[in-house]
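The values are calculated or read from the model by the stated rules, or taken from the named source; none is laboratory data. As the structure is a computational prediction, the values presented were derived from the model and not from experiment. Using ideal geometry, Cβ is built from the backbone for each residue, glycine included, and neighbour counts are taken over all protein chains shown.
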Amino acid sequence: MACGYFGKLLFIDLKTKTWKIEEPDEQLYRDYLGGYALVSPIMYERMKPGADPFGPENILSFVPGLFTGTRAHAAGRFMVVAKSPATGGWGDSNCGGKFAPYLKATGFDAILIEGISPEPVYVSVYNDEIKFHDARHLWGMDACEAELRIREEVGKEFQVALIGQAGENKSCIAGVFNDQGRAAGRMGLGGVMGSKNLKAIACGGTFITHIADADLLADRCKIMSEEAKEYFKKSPLANYGTTVVYAYFMGMNDTAVKNWKEAASDGFYSMEQAMGLSADVYIPFRKKRYACSQCSTSCGAVLDVKDSEGNEFESHRPEYETIGSFGSNCLVDDLTSILEANEACNRYGFDSISAGCTIAWAMECNEHGLFTEEELDGFDLSWGNGKIFKELLRRMAYREGFLGSLLADGMKVAYTRLGRGSEAFRTDAGGIELPMHDPRCWPGFGLSYSTDAGPGRHTIAGLGFFEHAFIDHDLFEAFPEFSKLQEKRFDYDEDKGPAQRYTSAWIHVLNAMGFCSLSKLGNYPNYKTLLVLKAITGWEMTMDEALVIGERIQTIRHMFNLREGLRPHIEFRLPPRTIGDPPLTTGPTAGVTSPVDKYFDDYYRAMDIDPITARPSDARLDELGIKDLINKYWATIAPQ
């Protein structure tokens, strides 16, 4: 009997309204664990090179983590996977909320969706009962409204993942949402869902994940619960969520200011302004706290607030990334504007990082006179004017007017279309707007932004997490030197390649298991991950074996990109200003320039990757057990 997984994959064809079930060999699970990793060889093998991200051949997958649906703490997440319309390469996005265990309870380890429905549709999966529902009455509804309507139609035994109007209109910065505001936001996968005329997927079931050693798991969970209680006595995260770090990170020059051009200072964005969007300011509005599935952190909250017109509404408390991208990055310090932007992103279905950063880019374009009065259409894109957020996001969701159409797909599409020298103001990596963790402050994040197959994302980072002072005793016992990464982050003579290689591999393993990195690395530094893996699956695994899995995950995603013609050291290169070229002149990171070329050299050498073609050696692919798969479906690409 399989433990930790069910051994079944569900394939759905939206064009024909048919489905089939496949039962892969156990080796697939041992080699890739779960989450986005589990479907990575399927994506590589079955998707035709050069497939249109918005075409019928793109495969859209919903996948829970390996530990999801068990008692394992901090592991209740699911992932959405497809070819990204934002990068033209590999795309995965990670999400919490309540959907993941309902997805797991269907009895399928992944749901993979192909084809395009002729009309709007949503799919419900309950055990082996798959139904296709007419969604024409839902098309045009925002994600919050449609989620409530679908749950009325299918019943409370379901949870729903869906898109808003941005996804319906195939925005390249649209995400997939659940729980009225939890987002698999990055890489434009909501746009892929919209391209398939798929409004939602509703999941539920009665399947229970079998555990190999229930007593061992119960013992570990008890220890972890006690450890978490001690953590909560010291941590403000449970009370404030990620809003607590906004002012703190601003003071470190970690948070972007004025489209990454400046540092926080009284002249641009003061600490007093940052405190006005941080921590305590949300407490008077807080209606309730909540936690995602399988987590005790309760870092989320629902607020009762009023918009700029005095209308009351209920909304999720914004996260640090949202506050930074719409706040300091746009020089906005107005709390109401931030709350309106957060709610608009949740309803229209935008990734809030990409949306806020794209608007910051537009504000800098406006500063330099790149728009005509007719193109502005009455919008005041001056720095600090958050009053435009609500209406501008609406126009972006519907592609209305010049600005709405220009900004709807994010920064890269916008500067490519606009021209006029606007590329000079870009702050993306390969089409993904950078999150609010500055490579000038944490060089390891910059390395991950550039080298991972899903560029420009902090939640996939390895080295950056541990420079950030996160702790993982499993990893530190294997590599004691990694406990010093924060102290060495500005040591540019250090060979950072091995550190990025192994920390990144470990993060991929944790993601495949379904962990929230914030909670796993923050609340449970002594998790004994591989002991929990043994309890759940029965598998004995060493750290060395786990890291090979992590490198396999990293490499097959990387090879997917290479097959599509992408090269990280070319397409994913960071914009000069984000690495300190020229360097900032004020603040803690004044004078810092991150040597990206050296980072690439270090990392490629550690991974045995050719610096010209970006292809790993055949010997390395063979060590990872994927050489035959890669070469069988490889499209030859000339070195660049």
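The table below lists the values:
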read-out	value
Test: GLN294 is of a type in the set (S, T, N, Q) and either farther than 30 Å from PRO101 by Cβ or not in a loop (DSSP other than H, G, I, E, B) (or both)	no
Total residues in the stretch 317-343, condition among the small types (Gly, Ala, Ser) and surrounded by fewer than 24 Cβ atoms within 10 Å (Cβ to Cβ)	1
From GLY188, GLY194, residue being crowded, with 21+ Cβ neighbours inside 10 Å, on the phi > 0 side of the Ramachandran plot, small (Gly, Ala, Ser) and part of a helix (DSSP H, G or I)	GLY188
Test: residue in the stretch 368-387 that is among the small types (Gly, Ala, Ser), closer than 29 Å to GLY140 by Cβ and either crowded, with 24+ Cβ neighbours inside 10 Å or in contact (Cβ under 8 Å) with a residue 24 or more places away in the chain (or both)	yes
Of residues in the stretch 509-567 being crowded, with 19+ Cβ neighbours inside 10 Å and acidic (Asp, Glu), the one modelled with the lowest pLDDT	GLU564
Some residue of the stretch 517-534 being closer than 30 Å to GLY88 by Cα, in contact with a Phe, Trp or Tyr (Cβ under 7 Å, 6 or more places away or on another chain), in the same structural domain as ILE609 (by TED's automatic domain parsing) and assigned to a helix (DSSP H, G or I)	yes
Total residues in the stretch 253-267, condition more than 21 Å from the chain's Cα centre (by Cα) and crowded, with 18+ Cβ neighbours inside 10 Å	6
Residue check, ARG557 in contact with a Gly (Cβ under 8 Å, 6 or more places away or on another chain) and either assigned to a helix (DSSP H, G or I) or among the hydroxyl-bearing types (Ser, Thr, Tyr) (or both)	yes
Subset tally (residues that are among the acidic types (Asp, Glu) and in contact with a helix residue (DSSP H, G or I) (Cβ under 8 Å, 6 or more places away or on another chain)) for the stretch 312-371	7
Answer residue from the stretch 197-224, given it is of a type in the set (Gly, Ala, Ser) and in a loop (DSSP other than H, G, I, E, B) and is surrounded by the fewest Cβ atoms within 10 Å (Cβ to Cβ) among those	ALA212
Residue list for the stretch 388-401, restricted to those being out of contact with any Ser or Thr (no Cβ under 9 Å at 6 or more places or on another chain) and free of Cβ contacts under 8 Å to residues at least 60 places away in the same chain	GLU391, LEU392, LEU393, ARG394, GLU400, GLY401
Of residues in the stretch 569-585 being among the β-branched types (Val, Ile, Thr) and surrounded by 15 or more Cβ atoms within 10 Å (Cβ to Cβ), the one farthest from the chain's Cα centre (by Cα)	ILE579
